[in-house]
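J.: Take this structure, written in structure tokens, and hold onto it; I'll ask about it next.
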Amino acid sequence: MSITKGRTLEYVVQEWGSYVERFQRLPKAEQEKRVREQGYERFRDMLAHILAWWEEGMDIILAIAEERPFERKKYDFDVFNAEAVARYRDWDEAEFMAHFERTRQKMGADLRSMNEAVFENRRVRSWLHGIIHHHAREHLVALSRFLVVDMLENDWATYIEDFKRLDEEKQKEFLSGQGFENFHGLVAHVIGWWEEGARIITGIIDSPAFTWQNIDADAYNRLLVQKYSTWSDDDLFRHYETVRLAMLELTADLPDDAFLNSDIEGWLRDDVVGHYDEHPIPA
């Protein structure tokens, strides 16, 4: 995954800067449902978890940037997460939310002040991936246009080349774990779901009366592998790029209120965000 200074700052400003507001636009019942799905009783408990990891990670990143010593810890994640929730449990609601926002803004200012070379440090990149990039997907409660566009422009844009960079043994191990005989079949699978998602999203935008039938996912996956089995790798990979760019254009052109439509949000979340984490190319 590409972890650059510019991209990381965009996450801090755009994705995390609108995180609370996007959640608060949801109907109350939907808010409660999504928080429960994340494994928390309250939204602020999940924010406390996110906040605690920001604070922990940025302390280490700043120490590295300033060439100061820092403690190398082994984390019991369950304990750390429970302590994070407990630490902020009794805070006044307004005070807590203000602290969350101040911490986000300070994180952005600190990262902005760092030399580009800091972002080449392996430990820094690992922390930034965990607390800023991956956490945005792991704790996705209300989809943003930014996240979908970013992943299509970055993670999915380099997906094929990322696979090709793996040595033969790692390629075989990855495909075995993914349940595909070859990379050709996996790419066909991704393309097919993007095409189906785009068809449905376009239909919803064009007509409020648009309907579609639910698909047997296993049968559809087999159909996709068969559909593209006679294509050469070069032709398939070119088609992948065409469909990726079409998906990017579709997302960029959607009206703002489209992201409040649960069906559109669901297809984009599953097709672009969730699907990447389901089939991640190992680093």
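The values are calculated or read from the model by the stated rules, or taken from the named source; none is laboratory data. None of the values given here were measured: they were computed from a predicted structure. For neighbour counting, all protein chains shown are included, and Cβ atoms are generated from backbone atoms with ideal geometry for every residue, glycine included.
J.: Only one residue in 146, 163, 183 is at pLDDT 95 or above, under 29 Å from residue 38 (Cα atoms) and among the hydrophobic types (A, V, I, L, M, F, W, C). Which one?
T.: Every option except 146 fails the conditions.
J.: Follow-up question, since we're still on this one. Does at least one position in segment 89-101 carry a residue that is closer than 25 Å to residue 254 by Cα and in contact with a helix residue (DSSP H, G or I) (Cβ under 9 Å, 6 or more places away or on another chain)?
T.: No - not one qualifying residue is present in segment 89-101.
J.: All but one of (1) modelled with pLDDT of 95 or more; (2) loosely packed, with under 13 Cβ neighbours inside 10 Å hold for residue 106, so report the exception by its number.
T.: Going through (1) modelled with pLDDT of 95 or more; (2) loosely packed, with under 13 Cβ neighbours inside 10 Å one by one, residue 106 breaks only (2).
J.: Please count how many residues of segment 266-283 are out of contact with any Lys or Arg (no Cβ under 6 Å at 6 or more places or on another chain) and among the β-branched types (Val, Ile, Thr).
T.: Number of matching residues: 2.
J.: List the number of the failed condition for residue 48; all other conditions in (1) at pLDDT 95 or above; (2) surrounded by fewer than 19 Cβ atoms within 10 Å (Cβ to Cβ); (3) closer than 18 Å to residue 132 by Cβ hold.
T.: Every listed condition holds for residue 48 apart from (2).
J.: So for segment 157-166 (the condition being without any contact (Cβ under 8 Å) to a residue 60 or more places away in the chain, more than 16 Å from residue 276 (Cα to Cα), not in a loop (DSSP other than H, G, I, E, B) and not assigned by TED's automatic domain parsing to the domain that holds residue 10), does at least one residue qualify?
T.: Taking every residue of segment 157-166 in turn, at least one turns out to be without any contact (Cβ under 8 Å) to a residue 60 or more places away in the chain, more than 16 Å from residue 276 (Cα to Cα), not in a loop (DSSP other than H, G, I, E, B) and not assigned by TED's automatic domain parsing to the domain that holds residue 10.
J.: Please name all residue pairs, on different chains or six or more residues apart, with Cβ atoms under 6 Å, provided the first residue is in segment 2-20 and is in contact (Cβ under 8 Å) with a residue 12 or more places away in the chain and the second residue is crowded, with 16+ Cβ neighbours inside 10 Å and among the aromatic types (Phe, Trp, Tyr).
T.: Note: pairs meeting the criteria are 5/119; 14/146; 15/146.
J.: Follow-up. Identify, please: which residue in segment 214-231 is polar (S, T, N, Q) and under 18 Å from residue 275 (Cβ atoms) and is, among those, surrounded by the most Cβ atoms within 10 Å (Cβ to Cβ)?
T.: Going through the qualifying residues, I end up with 221.
J.: Looking at residue 41 and the list (1) modelled with pLDDT under 95; (2) under 17 Å from residue 129 (Cα atoms); (3) of a type outside the set (Gly, Ala, Ser), which single condition is not satisfied?
T.: So the condition that residue 41 fails would be (2).
J.: Would you check which residues across segment 86-103 are at pLDDT below 95 and under 23 Å from the mean Cα position of the chain (by Cα) and list them?
T.: Selection gives nothing.
J.: Could I ask something else about it? Go through (1) in contact with a Leu (Cβ under 6 Å, 6 or more places away or on another chain); (2) farther than 30 Å from residue 23 by Cα; (3) not hydroxyl-bearing (Ser, Thr, Tyr) for residue 231 and report which single condition fails.
T.: Failed condition: (1).
J.: To continue, here is another question. List pairs: first in segment 57-73 and in the same structural domain as residue 106 (by TED's automatic domain parsing) and within 18 Å of residue 115 (Cβ to Cβ), second of a type in the set (Phe, Trp, Tyr) and modelled with pLDDT under 95, Cβ under 7 Å, 6+ apart or cross-chain?
T.: Once the first residue is in the same structural domain as residue 106 (by TED's automatic domain parsing) and within 18 Å of residue 115 (Cβ to Cβ) and sits in segment 57-73, its partners that are of a type in the set (Phe, Trp, Tyr) and modelled with pLDDT under 95 give 60/70; 63/70.
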